[in-house]
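Every number here is computed from the coordinates shown, using simple stated rules; none is lab data. The structure displayed is predicted, hence computed values, not measured ones. Cβ atoms come from the backbone with ideal geometry, glycine included; neighbour counts cover every protein chain shown.
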Amino acid sequence: MTNPKGRIGIFDSGVGGLTVLKALRQQLPNESVLYFGDTARLPYGTKSREQILQYVREILSWMVPQVKMVMMACNTSSALALEVVQSEFDVPILGLILPGARAAVRQGRRIAAIATPATAASHAYRNAILETNPQVQVWEVGCPEFVPLIEAQRIHEPATVRVVDKYLQPLVSECRIDTLIYGCTHYPYLEPVLQKILPPQVRIIDPAVHVVAAGAKELDLLGLRSFQRQMGDRFTVSGCPQQFARTATPWLGYQPEVEWIQLPSLENSSILLE
Ligand code: DGL
C-alpha cells in the first residue's frame, strides 16, 4: 500500500519544476519531495512526441517506486505523454494542462498560452480550454528562446526583454488578450520582464498553483496527505549537479545538495561532470 509518509515526485527538464515545488511548499508544507531535473536532455520543448514519451517512461520507471504521487512539473511532458503513462504506472500522476486551462477559463475570454514549441504544436491548451468553454478565444505561441535564456540565468539582460517583447506584443496589441497562461514551468521566472510588457489588466495564470491544488485534493481523497514533515527534499539530475545547484539557488533561496542519477538509457552517454 502507498505510504502517506512517502515523498511526492516532481520532474522537469531542468529548473522549471522548481516553480511547482514553490507552489507545493506554500500549499502542502508537510510534504517532502523527490525532484528530478533531466538536465542532460534539456530542452524538452524542441523534441518529438516519441522522444518525450520515452524520457517520461524512463523517469517514471525510476521515480514511481519511491513516491506516493507524481506531479509532472513539465508542460511539454504533460501535453505529449501524460495520458499514455497515467495508465502504465501505479501511482496518481498529475499534469499541468487541465488545471491550468480550467483556471484560465474561470478568469478570461481572450486567452493566450505561451509555451515550448512542442506544447504549442500539440494544441493541448487550446483543446483543454475549448472543452471547458467553447465560447472563448485561444492563442498558443511557441517561444523556443525562453528556456535556454532562463537556464543560462540571462533574465535581466536587455536582449531577453527584446525576445520576450517579440512574442508578447502581438498578443497584447493585436489579439487584445485578457489572460496569459504560463504554458511552461520555466516562464514564471520571466515575471519581472513580463511586468514591463503586459498591461496591468492582463491576468496571469500559473498552472503550477492549480496542479498543486488538484494534488492536495487527491491526497485527501486517497488518505495520503502527510500532516507532519517526515524528511527533507531530495534533488536529483541527469546532468551536472553543480550547475543545477548554482541555477536553483536564487530560486530556492538556499543552495540544494544535488545528486547525479544515471537513468538506464543514459548509461552509455558521456555527461560532462565538473
Ligand atoms: N519546463 C518544461 C515545460 O514546462 C520544459 C521546458 C523545456 O525543456 O523545453 O514545458
How far apart, in nm, are the 7 Å Cα→Cβ label points at Asp220 and Asn30? 1.3
Mind ranking 226-233, 92-99, 157-164, 28-35 by how tightly packed they are, going by the mean number of other C-beta atoms within 10 angstrom, highest first? 92-99, 28-35, 157-164, 226-233
Report, in deg cm²/dmol and to the nearest 500, the calculated mean residue ellipticity at 222 nm for the chain, where each DSSP H run with n ≥ 4 adds -39500 (n - 2.57) and the sum is divided by the residue count. -12500 deg cm²/dmol
With +1 on each Lys and Arg Cβ and -1 on each Asp and Glu Cβ, how big is the dipole of the chain about its Cα centre, in debye rounded to the nearest 20? 680
Output ³J(HN,Hα) for the range 201-213: one whole-Hz value per residue in order, computed from phi by the Karplus curve 6.51 cos²θ - 1.76 cosθ + 1.60 with θ = phi - 60°, and x for Gly and Pro. 6, 7, 8, 9, 10, 9, x, 4, 4, 7, 5, 5, 4
Would you mind checking the tilt of helix 241-252 against the longest principal axis of the Cα atoms of the chain, expressed as 0 to 90 degrees and rounded to 10? 60
Alpha-carbon gyration tensor eigenvalues x 5, square-rooted, for the chain, Å: 28, 22, 18
What number does the range 152-236 give for Rg over Rh if you use C-alpha atoms and the Kirkwood radius? 1.12
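Provide the gained length on full extension for the span Gln262 to Cys175, in nm with one decimal, where the gain is 0.36 nm per separating residue minus the Cα-Cα distance.
Net length gain for the segment: 26.8 nm.
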Against the 2.2 N^0.38 Å rule of thumb, the C-alpha Rg of the range 105-197 sits at a ratio of 1.07
The simple spin-label model distance between Arg106 and Gln66, using points 7 Å out along Cα→Cβ, in nm, is 3.3
For the range 26-103, state the semi-axes of the equivalent ellipsoid (square roots of 5 times the eigenvalues of the alpha-carbon gyration tensor), sorted largest first and rounded to whole angstrom. 19, 16, 13
Ordered by residue, what ³J(HN,Hα) values in Hz, to whole numbers, does the range 37-45 give under the Karplus form 6.51 cos²θ - 1.76 cosθ + 1.60, where θ = phi - 60° and Gly and Pro are x? x, 7, 5, 5, 10, 5, x, 7, x
Gain upon complete extension [Gln195, Gln230; 0.36 nm per residue less C-alpha separation]: 8.8 nm
Nearest 10 degrees is fine. How inclined is helix 49-63 to the longest principal axis of the chain, computing both from alpha carbons? 40
What FRET efficiency comes out for the pair Lys166/Phe89, r = Cβ-Cβ distance, R0 = 51 Å, nearest 0.05? 0.85
